[in-house]
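Notes follow once the structure below has been shown.
Just so it is clear, none of the values below were taken in a lab; they were calculated from the coordinates. Every value quoted in this text rests on a predicted model; they were computed, and no experiment measured them. Cβ: placed from backbone, ideal geometry, glycine included. Neighbour counts: every protein chain shown.
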Amino acid sequence: EVNYHSDPTTDAGDWIEIRNVADYPINLTHFEMQDRNWYNAYPIPANTILQPGERLVVVEEDDSFSVVHPGVLNKVGSTLFQLDNSGDEIRVSDRDGVIVLQSTYDDSSPWPCTPDGFGRTLERKAGGIDPDQPDSWFDGCMGGSPGSTYIPCEDDLIVSEINYHSSDDQ
């Protein structure tokens, strides 16, 4: 899950959630999270071990994130770099500098549009589909589900259009 452009009313800063899909623990000590700029690299702290099925949220700025998501404890950061609101690349490199996960997202069609400043996150579909392809992702819920499994949104119904006086010619 990726939060790259928060709604201004609930700005938790940028964050990336990773999940261990293996059936064994993964020691992330000194792995690095990066965007497309080589100098924006955040080393995962020592003794960070992700058990099978566990998630880790890597946050841009811990204080801002904690205000919006106070119950999320499986997090690390502050990375102090932002993801680009108009599209970026996310890379995870192991301690030897080998890229073990890479994904590029965009903010224009055919990519989901509501993660771009409208309060939703970019959620990855289950399965082994290519994370660089727009159809591998969908619009998450308002504020996202950092640190936990995605649950379908229970958003309130919103009336988005009303036709109160149609023309007699139609």
query: Under 5 Å between amide H atoms, partner at least 5 residues away or on a different chain: which partners does Cys141 have, H built in plane at 1.01 Å?
result: Thr121
- line: Most fluctuating of Asp106, Asp63, Asp96 in the GNM of the chain (C-alpha, under 10 Å) is Asp96
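Let me make sure I get this right: for the stretch 1-40, a, b and c are the square roots of the gyration tensor eigenvalues over alpha carbons, sorted descending. Under 1.5 in a/c it's rounded, otherwise prolate if a/b > b/c, else oblate. Which is it?
Oblate is the answer for the stretch 1-40, as a/c is 1.5 or above yet b/c matches or exceeds a/b.
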message: Tell me the mean residue ellipticity at 222 nm calculated for the chain from its helices only (DSSP H runs of n ≥ 4, each -39500 (n - 2.57), averaged over every residue, nearest 500).
response: -1000 deg cm²/dmol
message: Test of understanding: given the chain, find the longest segment containing no trypsin sites (Lys or Arg not before Pro) that are in a DSSP loop and have at most 16 other Cβ atoms within 10 Å.
response: 37-94
message: To check my understanding: the extent here is largest minus smallest coordinate of the Cα atoms along each principal axis. What are those three numbers for the stretch 83-136, in Å, largest first?
response: 37, 25, 16
- prompt: Over the Cα atoms of the stretch 12-64, Rg to Rh with Kirkwood Rh, two decimal places?
  reply: 0.99
- prompt: Toward the positive end of the charge dipole of the chain, about the Cα centre and with charges on Cβ (Lys, Arg +1; Asp, Glu -1), which of Ile162, Pro134, Ile151 goes farthest?
  reply: Ile151
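Of the chymotrypsin sites (Phe, Trp or Tyr not before Pro) in the stretch 20-83, which ones lie in a loop per DSSP and count no more than 11 other C-beta atoms within 10 Å?
Counting only loop positions with at most 11 other Cβ atoms within 10 Å, the chymotrypsin sites (Phe, Trp or Tyr not before Pro) in the stretch 20-83 are Trp38, Tyr39.
For Gln133 and Gln82 in the same chain, what is the full-extension length gain: residue separation times 0.36 nm, less their Cα-Cα distance, in nm?
On the way: separation 51, 0.36 × 51 = 18.36 nm, distance 2.17 nm.
The Gln133-Gln82 span can extend by a further 16.2 nm.
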Whole-number percent relative contact order across the chain, with pairs defined as alpha carbons under 8 Å at least 6 apart: 23
- prompt: Taking all pairs of different Cα atoms in the stretch 114-155, averaging 1/r and flipping that mean, what Kirkwood radius in angstroms comes out?
  reply: 10.9
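Work out, step by step, the length gained on full extension between Met142 and Ala126: first 0.36 nm times the residue separation, then minus their alpha carbon distance; give nm to one decimal. Can you show the working numbers first?
On the way: separation 16, 0.36 × 16 = 5.76 nm, distance 1.95 nm.
Roughly 3.8 nm would be gained on extension.
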Spacing of the two label points (7 Å from each Cα toward its C-beta) at Asp94 and Ala22, in nm: 0.8
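Asn47 to Ser109: FRET efficiency via 1/(1 + (r/R0)^6), r the Cβ-Cβ distance, R0 45 Å, to the nearest 0.05?
Details: r = 42 Å, r/R0 = 0.94.
Between Asn47 and Ser109 the formula returns 0.60.
Report the full-extension gain for the segment Leu101 to Thr9: residue separation times 0.36 nm, less the Cα-Cα distance, to one decimal in nm.
Numbers: separation 92, 0.36 × 92 = 33.12 nm, distance 3.13 nm.
So the extension gain works out to 30.0 nm.
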task: Measure out, as a whole number of angstrom, how far apart the alpha-carbon centroids of the stretch 1-16 and the stretch 71-97 sit.
output: 12
query: In the chain, what cysteines have no partner Cβ closer than 4.7 Å?
result: Cys113
- line: Over the Cα atoms of the stretch 1-137 the radius of gyration and the largest Cα-Cα distance (Dmax), both in Å, equal 14.3, 40
